[in-house]
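A short write-up of the structure that comes next.
Each value in this text was obtained by applying a stated rule to the coordinates, not by laboratory testing. Predicted, not measured: the structure shown is a model, and the values here were computed from it. Virtual Cβ from ideal backbone geometry, glycine too; neighbours counted across all protein chains shown.
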Amino acid sequence: MSVRRLAEDQFQPAAFAFNKENAVWAEKTIQKYPDGRQQSAIIPLMMRAQEQEGWVTKAAIETIADMLDMAYIRALEVATFYTQFQLNPVGTRAHVQVCGTTPCMLRGAEGLIKVCKSRINDHAFDRNADGTLSWEEVECQGACVNAPMVVIGKDTYEDLTPARLEEIIDAFAAGKGHEIQTGPQIDRVFSAPEGGLTSLLSDEAKAKSVASKTAKATAEAVATPPSEIAPEKADAAKKPSLDDKDRPAGIERPAQPDDLQLISGVGPKIEGTLHELGIFTFAQIASWHEAERHWVDGYLNFKGRIERDEWVRQAEALAKGGEAEYIKVFGKKPR
């Protein structure tokens, strides 16, 4: 890796501050980390600073370090290590990142680099005359099937030819980059086969395929006696009654329910179902006895997942001391 240094003092602004919206976002991001681990927020904060300013300034690095109670040298180490951070001013309208990894190189990335040299600047990272454009060569951008491609901001431009990249660069130079369609620049739907589909092309073929699958499923259902239905399917059909004596007691929704999604195995949908059952707190889950756990497991059709994921033990830790206690018990942050 080449040596990465901060921009010369002549380019550095005197100060940095997140704008109002980003400041609110930054505080919420820092609060996601447990006490003593706030420094883990440095990468997202530094990326947001770059999105706001276009590049990472010395003032931004020091401001973020102060926010996270870090030594400046530690924040500087992060900024200089990760090449995703631009340490010098880049084009104000576009910084073109050309993928030069093998798939893109085999599909014409060298031609795209030549365009960047002729249309922007002969040297990577150096801006054009009016400072609106710059470029660099980067490693894999994750769209190999659509090679060659470039990234500008958060958008990808794929299946490029040198001529098409010239048009895209000219549009950004004119301040009309927002008018360019992102993604594939040829007649292709995302990463579908180039040239279109190669099977089930006619409506008749599609209809026959659907009819065949439907007929097969119907025949299998008719031919299978109830006694041979897989036990798990039978269990799924027998959802426990809401009036069952083993259903855990629910409570009225509190003003501030616990974030049940901190329990490994609970996502937004499951949390919503638990709320419908009157389950809103870690303490409730921590108090479930075996029959109650079995009822909830059956109601959610989990097939023993509540026991495997140790919901009760997780809930006990979170109810006792929040994320800090969870880390103490499990050695990791809750999801």
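Computed quantities for the displayed model
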item	result
Rounded D (µm²/s) - the range 9-81, Kirkwood Rh over Cα pairs, Stokes-Einstein at 37 °C, 0.692 mPa s	266
Sites residue 203 and residue 118 - FRET efficiency at Förster radius 51 Å, r taken between beta-carbons, to 0.05	0.60
Extension gain (nm, one decimal) between residue 190 and residue 252, 0.36 nm per residue minus Cα-Cα	17.6 nm
For residue 92, residues with placed amide H under 5 Å, excluding near neighbours	132, 133
Degrees separating the helix 42-53 axis from the principal Cα axis of the chain, which is the longest one	50
The chain: relative contact order as a whole-number percent, Cα under 8 Å and 6+ apart	10
Additional length obtainable on full extension of the chain from residue 276 to residue 174, 0.36 nm per residue less Cα span	31.3 nm
Cysteines, the chain, no other Cys beta-carbon under 4.7 Å	116, 140, 144
Protection proxy ranking of 122-132, 324-334 - average other beta-carbon atoms within 10 Å, highest first	324-334, 122-132
Whole-angstrom gap from the range 85-151 to the range 264-297, using each part's C-alpha centre	51
Size of charge dipole - the range 1-96 - debye, nearest 20, with Cβ of Lys, Arg +1 and Asp, Glu -1, no other charges	260
Cβ-Cβ FRET estimate between residue 163 and residue 59, R0 fixed at 41 Å, reported to 0.05	0.50
Karplus 3J(HN,Hα) series, Hz, for the range 131-141 with 6.51 cos²θ - 1.76 cosθ + 1.60 (x for Gly, Pro)	x, 8, 10, 8, 8, 7, 9, 10, 7, 2, 9
Length released on extending from residue 83 to residue 21, taking residue separation times 0.36 nm less the Cα-Cα span	19.7 nm
Residues in the range 147-180 that a label on residue 11 would reach, taking backbone N under 18 Å of a point 7 Å out along Cα→Cβ	153
Percent of beta bridges antiparallel (DSSP, the chain, rounded to nearest 5)	45
Degrees, to the nearest 10: 290-299 long Cα axis against longest axis of the chain	60
Per-peptide average of other Cβ atoms within 10 Å, ordering 31-38, 96-103, 259-266 highest first	96-103, 259-266, 31-38
D (Stokes-Einstein, µm²/s), Kirkwood Cα radius, the chain, 0.890 mPa s at 25 °C	97
Rounded tilt (10° steps) of 72-81 against the dominant C-alpha axis of the chain	80
